[in-house]
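What follows draws every value from the coordinates through simple rules; no lab data is involved. Computed from a prediction, not measured in an experiment: that's the story for all the values here. Cβ: placed from backbone, ideal geometry, glycine included. Neighbour counts: every protein chain shown.
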Amino acid sequence: MHVSAKTITVLVMISFAATVPGAEAADVFGGQTVYEAHCASCHGTDGVPLVPGTPDFAMGEGLEKPDSQLVQAVRAGSNLMPGYNRIISDQEILDAIAYIRTLQR
């Protein structure tokens with residue numbers, strides 16, 4: 001049985017999140033749904049941007065900050081990205097971040 005590197009990455013992330021005291025595990029699959037609904041039109045379904053000036057998530061651009069800072073950026077908006085405060089929850093943002101991290105090559 002062959003298991004892809006992407007599947008292994010997702011499983012490791014879920015396992016790690018579940019072992020951190022006080023941390024809620026991110027829902028990578030729910031994050032994919034949030035990403036496809038709110039992010040993919042600019043950032044691309046595979047993380048390669050469709051709109052100039054947006055981070056290339058497939059290359060890890062914009063993902064070097066801690067999740068808490070990324071949540072704040074998504075809430076407030078940044079550059080071309082509108083703010084998503086009160087549009088999607090913090091947990092949905094964290095789920096989307098977890099999914100975005102799986103797009104890195």
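Brief remarks on what is shown
- In plain terms, the chain from Ser78 to Glu64 could stretch by 3.5 nm, reckoned as 0.36 nm per residue minus the Cα-Cα distance.
- Local net charge near Ala37, Cβ-Cβ under 12 Å (Lys/Arg +1, Asp/Glu -1): -3
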